[in-house]
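The values are calculated or read from the model by the stated rules, or taken from the named source; none is laboratory data. Small disclaimer: the values here were computed from a predicted structure and weren't measured. Here Cβ is always computed from backbone atoms with ideal geometry, including for glycine, and neighbour counts include all displayed protein chains.
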Amino acid sequence: KKIKDQVLVIFGASGDLTYRKLVPALFDLYKQKSLPDNFVVLGVARSSFTDESFKEKMIDGIRQFSISKDAPEKEVNTFAEKLFYLSINTDDGTEYSKLTSRLNEFDSEKGTDGNYLFYLSTPPNLYPLIPKFLAQEGLNESKGKIRRIVIEKPFGTDLKSAVELNKSLLNDYEEHQIYRMDHYLGKETVQNLLVTRFSNSIYEPLWNRNYIHHVEITAAESIGVENRGGYYDHSGAMRDMIQNHLFQLLALVAMEPPTVIESDAIRNEKLKVFQALRPLSHVDIQNNVIRGQYTAANVKRVPQKGYREEKGVDPNSRTETYVAMKMFIDNWRWGGVPFYVRTGKHLPTRVSEIVIHFKPTPLNLFVDNKEYCSDGNVLVIRIHPDEGILLKTGMKVPGNGYKVKEVNMDFHYSQLQDTYVPGAYERLLLDAMLGDSTLYTRGDALEFAWKFVQPILDYWETNPNAPLYGYPCGSWGPECADGLIEGENMTWRYPC
Ligand code: BG6
């Protein structure tokens, strides 16, 4: 599908995301020859950049963060000619006429043909305002032109605010014009989940409660909150990672096959997963949800600050930097299968993976085998780093008797040496420009995801003394999280 000529307007253009992710990804798209001939990026924010100083800053970002950061100077400069900047007070509706005039200029001078994609990468309090101001300028009316809005996470801070934001957007825009961002969906390996499940006849017949014992989804980070303490302290791991990124992974693992690979067909099936999540009672929250907060430690001999000593964080903060939880999906396929979800900052390593634990064979024939005690095959889908897929199977050790050994069938994306693997933002920006919302979340599913986590947030809010376990930086989080996993001698997978 050919991308139409268009202007990409980035609100919040002076921020980190534009510098580190968006513009470097746009440059990668340019390198891949994926951008349309007539294409303009207009950065919008309050800070007073000129076109020139904005370009300079963005070139610096490309040089550090783009996949093609070593591209020849001429190429980077030619791309930078597409970048412009407009300084306005984005929370003042009367300033938006300046934006309209600038867009009209682009249409006549750069041939962008009235097609506009608006990307909101601002503080979330502006998410309801900016679309409204754009609508007041008539910039929401498509009339055959591209008029789309991309909204970065967080989409709401709780169920109520997410419902309100959806409502306010839908007053001025059609659902098909709204693109709610979750960058996990742009990751190549996450999309590969659909292909692994639905293009292989060997997995799907086993992909249910009859053969799967339990499922683990982990997103571990080795970094802390860095310079984002101010934001994070009002968010916490449940809002920052679980409600969005990890639930998106859960939906892709658990959904039914769609009838076609199309946006609504896929998103309808994902919605049903969120609708089937078993609501958590207070007792379930006490027993099945564990929260933690990192404390100071020497990690690899480097002292790491505790969370409460981080800049922007309340010294008495009870915000969680770690969550592990057990949940169930009450439907025909998954009845009784526990799903374990876990995320945390300052864990020993950075890894995101989905681990499918198959049930053991009905009878262990190789009973004399002291070295091998199989709890069942394990399929590990590694989202990052070292993207790939690994299946653990039993194999006979050559020689006398029947000694069994666990071996790995292991595929790494890095083996695809000549294949270009696009970054998540690259893929998602391209899709928004094309008008393909498959990898964006839909309003209804998002609300159901909030609906599920809301009782947990409320419980923590109203019971400030509910346990919050400290865990030293560089450890795997509170030890009691091991006890969540049902089954004798079973525990989380601890990848190195
Ligand atoms: C962001 C969170 O959405 O995702 C961050 O706000 C987190 O706190 C990041 O670090 C993780 O993304 P990735 O792609 O590095 O796993």
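Tabulated values for the structure
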| read-out | value |
| --- | --- |
| Members of the range 215-237 that are part of a helix (DSSP H, G or I) and surrounded by fewer than 22 Cβ atoms within 10 Å (Cβ to Cβ) | GLY229, GLY230, TYR231, GLY236 |
| Search result, residues across the range 190-234 that are of a type in the set (D, E, K, R), touching a residue at least 60 places away in the same chain (Cβ under 8 Å), within 16 Å of the ligand (Cβ to nearest atom) and more than 26 Å from LEU439 (Cβ to Cβ) | ASP233 |
| Every residue from the range 134-178 that is touching a Ser or Thr at 6+ places or on another chain (Cβ under 8 Å) and of a type in the set (Phe, Trp, Tyr) | PHE155 |
| Residues that are within 16 Å of the ligand (Cβ to nearest atom), surrounded by fewer than 18 Cβ atoms within 10 Å (Cβ to Cβ) and of a type in the set (D, E, K, R), drawn from the range 373-399 | ASP386 |
| Single residue of ASP91, ASP70 found to be surrounded by fewer than 15 Cβ atoms within 10 Å (Cβ to Cβ), acidic (Asp, Glu), out of contact with any Lys or Arg (no Cβ under 6 Å at 6 or more places or on another chain) and without any contact (Cβ under 8 Å) to a residue 12 or more places away in the chain | ASP70 |
| Qualifying residue in the range 165-177 (condition: crowded, with 21+ Cβ neighbours inside 10 Å, in a helix (DSSP H, G or I) and within 19 Å of the chain's Cα centre (by Cα)) | no |
| Selection within the range 235-244 - of a type in the set (A, V, I, L, M, F, W, C) and within 9 Å of the ligand (Cβ to nearest atom) | ALA237, MET241 |
| First in the range 442-464 and surrounded by fewer than 17 Cβ atoms within 10 Å (Cβ to Cβ), second anywhere and of a type in the set (Phe, Trp, Tyr) and not in a helix (DSSP H, G or I), Cβ under 8 Å, 6 or more apart | none |
| Pairs where the first residue, in the range 337-352, is of a type in the set (Val, Ile, Thr) and the second is more than 16 Å from the ligand (Cβ to nearest atom), C-beta under 7 Å, 6+ apart | VAL337/ARG209; VAL337/ILE212; VAL337/HIS214; VAL337/VAL215; VAL341/MET325; VAL341/MET327; THR349/CYS496 |
| Residue check, TYR127 under 20 Å from TYR179 (Cβ atoms), surrounded by 14 or more Cβ atoms within 10 Å (Cβ to Cβ) and of a type in the set (Phe, Trp, Tyr) | yes |
| Leading residue by the ranking (nearest to LYS110 (Cα to Cα)) among those in the range 1-45 that are crowded, with 16+ Cβ neighbours inside 10 Å and basic (Lys, Arg) | LYS4 |
| Checking MET327 against (1) closer than 23 Å to GLY487 by Cβ; (2) touching a Gly at 6+ places or on another chain (Cβ under 8 Å), the condition it does not meet | (2) |
| Qualifying residue in the range 195-208 (condition: surrounded by fewer than 19 Cβ atoms within 10 Å (Cβ to Cβ) and under 27 Å from LEU8 (Cα atoms)) | no |
| Filtered residue count, the range 118-158, keeping only those that are over 18 Å from the mean Cα position of the chain (by Cα), of a type in the set (Gly, Ala, Ser) and part of a loop (DSSP other than H, G, I, E, B) | 3 |
| In the range 339-362, residue nearest to LYS187 (Cα to Cα) [restricted to those that are part of a loop (DSSP other than H, G, I, E, B) and more than 13 Å from the ligand (Cβ to nearest atom)] | PRO348 |
| Residue within the range 278-290 that is at pLDDT 95 or above, of a type in the set (Gly, Ala, Ser) and farther than 26 Å from ARG180 by Cβ present | yes |
| Strands (runs of 3 or more DSSP E) wholly inside the range 1-109 that include at least 2 residues being of a type in the set (Lys, Arg), touching a His at 6+ places or on another chain (Cβ under 6 Å) and at pLDDT 95 or above | none |
| Any hit, the range 333-343, residues being out of contact with any Lys or Arg (no Cβ under 6 Å at 6 or more places or on another chain), aliphatic (A, V, I, L, M), crowded, with 20+ Cβ neighbours inside 10 Å and at negative phi | yes |
| Boolean, LEU277 is away from the ligand (no atom under 11 Å from the Cβ) and in contact (Cβ under 8 Å) with a residue 24 or more places away in the chain | yes |
